[in-house]
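A.B. asks: Attaching a single structure in structure tokens format; questions to follow.
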């Protein structure tokens, strides 16, 4: 039996959630932007004062969470009630670490919203550093935790 | 001296490319969706026939390339002239490999368009497989090649 | 007395549905793309394998359902809970037949969402066939059925 | 040989127009909204004064022309330089007739922009009349004329 | 203690309203477009008949109310249930006066939706008059009234 | 003779600029957010460190410049080549002053882009301060300067 719930008779569809209850849902995702030395340097030099690159990327992530239903074809449009995106520059590990937590009261979950926020925040970091270093790489874009709904809680194992 | 060209006096801006010539630019990026066994299984079972998951993701990637200027705050809106997104399911490596090539005739390059296409295609794969397996991970989202413009050609080293 | 509920004192407005209850609503619409012989031929030749034209159009229809509130000025933005778009190529009748069913739990119905999904799916079929045949025509874009809300069920007569 | 230029090896792509010249392109399309008697009546009664239904639909059509690249997956985003949408209420023929002419200076044509403008204008007429009459039907959505580009002029035959 | 609820530890976020009740919210805002004599003249001459400039601006305001969550980074996306925009040309006062009232049933208010509707309606008036007179000015863009939610009613003082 | 170039025979249209040359255009606009004492206080307290309210508003302004063609119905979509938005908090004058300069190489000017950037930046300031003070007011939203195109340079008089 197929586990691809977005497909019926081999054709994609938006899964019908009309009969499900609207309950509180949360999801947290993460991503890493791996930096080369010149990118670490550029971020160290430029990342002081107002409006630093990480703030731009944080805002881009929040805005992207609201656009998820437009970007992922079979996602339901959800009225998100909270979006929290955090970026930490870890120079000694040569990376920027991103986490995003999104909430809604809806019939389906916000995993894709949290992941999309991380992805666009990471791409925005890339955009601002690409003049200094084109070799950046985005890795570990993945779900950390979700709660709410019939399938209940899920946590990434260690 | 700061190498963060998107910042002037510590504040973000869209870089002024008014004086640059509009020339042909191309960029290719890639991403990997690392699959767990149940995701490999689901994709193998469901991925036959019309409208399979990879086709949905491919289209999502093409559409996303056109939305890059809306998603990445300091990107210029570019009239892209070509967008080619390819997804290959590599069951024996337990992953889906994605590449995107974007072209334009413009004052600035399309690296972000190629990367955004890969990211949204990868997230769409995730969306369709998440009922089978939440532990998927997107990695190696990075630029492979760019050409055109004053900075010329760039290729990821081996 | 005017029956144009979108107008008050001769001026357009978004009808106030604040006092209505959010209940389950469904709507089904259809459209036909009438094909010329060369389009029938092109579709027959190209419509095998993954990612055929009808899959692209189907996805375009689902995405369009989510954009209805942006496209139709006086429509309410609705959190749709299901969108199902189906395209059937009927070569012997020289046409593609499209149906779309949309659902929501909201204060107002989803007729426009179902119609918009059909229209954009039909236009996408046109786009992919226009190199082969410019004379295509979209006809019979119309509502087939709606249910839910105070005005209750409606079915197109025979 | 396949005539489906949007497909390569069975997979959809945005056709590469990078090597084509940007020249003046124009396209004109039309659509008809067939009205039932109660819709003719409602439009006759309500269609006087400022802000009548046809003006709302006309504006919706102009705005939709600008959104074509977002709606039709494999369309190129085009910087349109003119959009002219006209709606005429023909009560004695029980229909609204819509035409749209769009222009651009680009590497590819604006047929889809003209068709999309007509479709969304027609759907907007439907939206405003649906409280009076759900049986409306949109027909004859089709290209009338195009000019510019390598494939040259095309006119719908009589 | 900071009163900037959109900031936590100095970083912007979308305020978490998950625990709040969805209740009826309304907000009314206003704006003024101050006209120079040639703009008064142009509007007087052109503002007769169907589709006059104020109707275009009114519709732009309604559409903008629906886009507020996309435009204002930390705003929640809200399913608005009513949007009413009114423009009055006051030639003797050399201005266009705009008011917008928006309603929703949600966890947070619609002040920004009403203000955004007024702002975009005012800018649209500007756009249509700028060929006649570039010196136009938009002033008094402000909230007049809000009701609903825990903070209750608020009215601009005299 | 009507000076409303957006209207022909009393109906709105997007002005045809197909025959005009694409040349460099620039426009600068400004706006003021008038603050009440509690808003001055909140901004003074919260506006230190990364991610302060003015940075959020600045970014919102840049993003809005790119959305102008979607928001203002009869505006042409323009490929902007530069967008620079600046916000200055002037506590002793109890206001935030905003300026935006936008450039393009196109057939028509970017006045609306500069004005829209200022308007959305100002509304974003309002959004972040509204919990502290609802009485804020946006004033003096107006064009300061434009250059390029057949109509040439224009400067606001003193």
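The values are calculated or read from the model by the stated rules, or taken from the named source; none is laboratory data. Since we're looking at a predicted model, the values are computed, not measured. Quick reminder, even Gly has a Cβ in these numbers, built from the backbone with ideal geometry, and neighbours come from all protein chains shown.
A.B. asks: Cβ contacts < 7 Å: first residue at the interface with chain B (Cβ under 9 Å from one of its Cβ atoms), restricted to the range A:4-23; second residue surrounded by fewer than 18 Cβ atoms within 10 Å (Cβ to Cβ), any location; separation 6+ or different chain. Result?
C.D. replies: Sorted first by the residue in the range A:4-23, then by its partner, the pairs are A:5/B:131; A:10/B:49; A:15/A:5.
A.B. asks: Here is a further query. Considering only the range B:5-40, how many residues are buried (at least 23 other Cβ atoms within 10 Å of the Cβ), farther than 21 Å from residue B:147 by Cβ and at pLDDT 90 or above?
C.D. replies: 4
A.B. asks: Search the range D:43-53 for residues being touching a residue at least 40 places away in the same chain (Cβ under 8 Å) and crowded, with 23+ Cβ neighbours inside 10 Å, and hand back the single one that is farthest from residue D:125 (Cα to Cα).
C.D. replies: Taking the candidates together, the pick is D:43.
A.B. asks: Given the criterion at pLDDT 95 or above and at the interface with chain D (Cβ under 8 Å from one of its Cβ atoms), identify the matching residue among C:65, C:60.
C.D. replies: C:60
A.B. asks: Which ones in the range A:84-99 are surrounded by fewer than 24 Cβ atoms within 10 Å (Cβ to Cβ) and away from chain E (no Cβ under 12 Å)?
C.D. replies: If the condition is that a residue be surrounded by fewer than 24 Cβ atoms within 10 Å (Cβ to Cβ) and away from chain E (no Cβ under 12 Å), then A:89, A:90, A:91, A:92, A:93, A:94, A:95, A:97, A:99 are the ones that fit.
A.B. asks: From D:54, D:43, which residue is at pLDDT below 95, at negative phi, assigned to a helix (DSSP H, G or I) and away from chain F (no Cβ under 14 Å)?
C.D. replies: Of D:54, D:43, the one residue that is at pLDDT below 95, at negative phi, assigned to a helix (DSSP H, G or I) and away from chain F (no Cβ under 14 Å) is D:43.
A.B. asks: Hey, another quick one. Inspect the range B:70-83 for any residue being within 7 Å of another protein chain (Cβ to nearest Cβ), more than 27 Å from residue F:84 (Cβ to Cβ), surrounded by 20 or more Cβ atoms within 10 Å (Cβ to Cβ) and in contact with a helix residue (DSSP H, G or I) (Cβ under 6 Å, 6 or more places away or on another chain) and give the result as yes or no.
C.D. replies: Yes - at least one qualifying residue is present in the range B:70-83.
A.B. asks: If we keep just the residues of the range D:121-135 that are facing chain C (nearest Cβ under 7 Å) and either touching a strand residue (DSSP E or B) at 6+ places or on another chain (Cβ under 7 Å) or in a helix (DSSP H, G or I) (or both), which is surrounded by the fewest Cβ atoms within 10 Å (Cβ to Cβ)?
C.D. replies: Top of the filtered list is D:134.
A.B. asks: Hey, any hits in the range D:64-73 for a residue that's outside any loop (DSSP other than H, G, I, E, B), over 23 Å from residue C:67 (Cβ atoms) and more than 11 Å from the chain's Cα centre (by Cα)?
C.D. replies: So far as the range D:64-73 goes, no, none of its residues is outside any loop (DSSP other than H, G, I, E, B), over 23 Å from residue C:67 (Cβ atoms) and more than 11 Å from the chain's Cα centre (by Cα).
A.B. asks: Right, something else. Of all residues in the range E:100-113, which are under 11 Å from residue F:123 (Cα atoms) and either in contact with a strand residue (DSSP E or B) (Cβ under 6 Å, 6 or more places away or on another chain) or within 11 Å of chain C (Cβ to nearest Cβ) (or both)?
C.D. replies: E:111, E:113 - these are the residues of the range E:100-113 that are under 11 Å from residue F:123 (Cα atoms) and either in contact with a strand residue (DSSP E or B) (Cβ under 6 Å, 6 or more places away or on another chain) or within 11 Å of chain C (Cβ to nearest Cβ) (or both).
A.B. asks: For the range F:86-99, state whether one or more residues are at pLDDT 95 or above and within 23 Å of residue A:124 (Cα to Cα).
C.D. replies: There is at least one residue in the range F:86-99 that is at pLDDT 95 or above and within 23 Å of residue A:124 (Cα to Cα).
A.B. asks: Take residue E:157 and decide whether it is within 13 Å of chain F (Cβ to nearest Cβ), farther than 18 Å from residue F:6 by Cβ, out of contact with any strand residue (DSSP E or B) (no Cβ under 9 Å at 6 or more places or on another chain) and in a loop (DSSP other than H, G, I, E, B).
C.D. replies: Judged against the criteria, residue E:157 is a match.
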